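Chemist: Below are the structure tokens for one structure; questions will follow.
No value in this document is a laboratory result; all are computed from the given coordinates. Being a predicted model, the structure only gives us computed values, none of them experimental. Heads up, the Cβs are rebuilt from the backbone with ideal geometry, glycines too, and the neighbour counts pull from every protein chain shown.
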Amino acid sequence: MHIRALYFDIGGIFFCEKDISPVREWEKRLGLTAGQLQNIVFHSPFASKAWVGQATVDDVWNNAATHFTISPEELEKLKDEFWAGWAWDTELIAYVHSLKSKYKLGVISDAWPGVREGIKEYINGDTFDLRVFSSEEGLIKPHPELYQRALSRLKVRPQEAIFFDDRLKNVEGAQAIGMTGAHITDPVQQVRDIIEKLS
């Protein structure tokens, strides 16, 4: 069937961790082992609630701060520097933007509250016809209803859509409802290769 719509995850596709050293430096300062800080931030009960809009970003960070001794000022610095090693792939975003005349473009992303405003410089209505965020929908991938809502809002059938994600379970979730799933580990090259094969 003819592909009419392309849907993308954000983290690991357009927004990627390029340098782990800022997080590692904070782990040393806080007496944590490698990987422990990210685990505290991303895998707490508060983080799980934030993904579906039932907790705030402040809740997540205030909970994280209970795991180590840190002043409010240091916590604010940590919140800023936690993302210092991440970067937006503006080249890939520009490439996807160039596809607007050929495809409907959408985002399906697990994200905490406030993300729509926070990333609008890069992920916005100028490029994407639809942005679906888990915290606004009350569901996270790979829940089938999240994909179904995104398809319905762009008025396309599953067989007419490709979903790009760096997490295999989310790709498999899209495939389970009939979408084409693309597991992406090298975004710039793989996204281009897959789309160019459609031409």
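Chemist: In whole Å, how far is the Cα centre of region 133-158 from that of region 59-75?
Modeler: For region 133-158 versus region 59-75, the Cα centre distance is 33 Å.
Chemist: Nearest 0.05, what FRET efficiency do residue 2 and residue 39 give at R0 = 45 Å with Cβ-Cβ as r? Walk me through the numbers before you get to the answer.
Modeler: Numbers: r = 43 Å, r/R0 = 0.96.
Computed FRET efficiency for residue 2 and residue 39 comes out at 0.55.
Chemist: Do the alpha carbons of any pairs in 49/104; 18/104; 79/100; 49/120 sit beyond 26 Å of each other, and which pairs? Walk me through the numbers before you get to the answer.
Modeler: Values: 49/104 31 Å; 18/104 29 Å; 79/100 35 Å; 49/120 23 Å.
Checking Cα-Cα distances, 49/104; 18/104; 79/100 exceed 26 Å.
Chemist: Okay, next question. Where a Cα-Cα gap under 20 Å defines reach, which aspartates and glutamates qualify for residue 141, not counting those fewer than 8 residues away within the same chain?
Modeler: Result set, ordered by chain and number: 9, 110, 129, 160, 165, 166, 172.
Chemist: In addition: With 10 angstrom as the radius, rank 98, 134, 48 by how many other C-beta atoms surround their C-beta, starting from the fewest.
Modeler: If I rank by nearby Cβ atoms, fewest first, I get 98, 48, 134.
Chemist: Under 20 Å from the 7 Å Cα→Cβ point of residue 121, by amide nitrogen: which residues of region 68-89?
Modeler: Answer for region 68-89: 76-89.
Chemist: Excluding residues fewer than 8 places away in the same chain, name every one of the aspartates and glutamates whose C-alpha is closer than 15 Å to that of residue 77.
Modeler: Partners within reach: 25, 27, 58.
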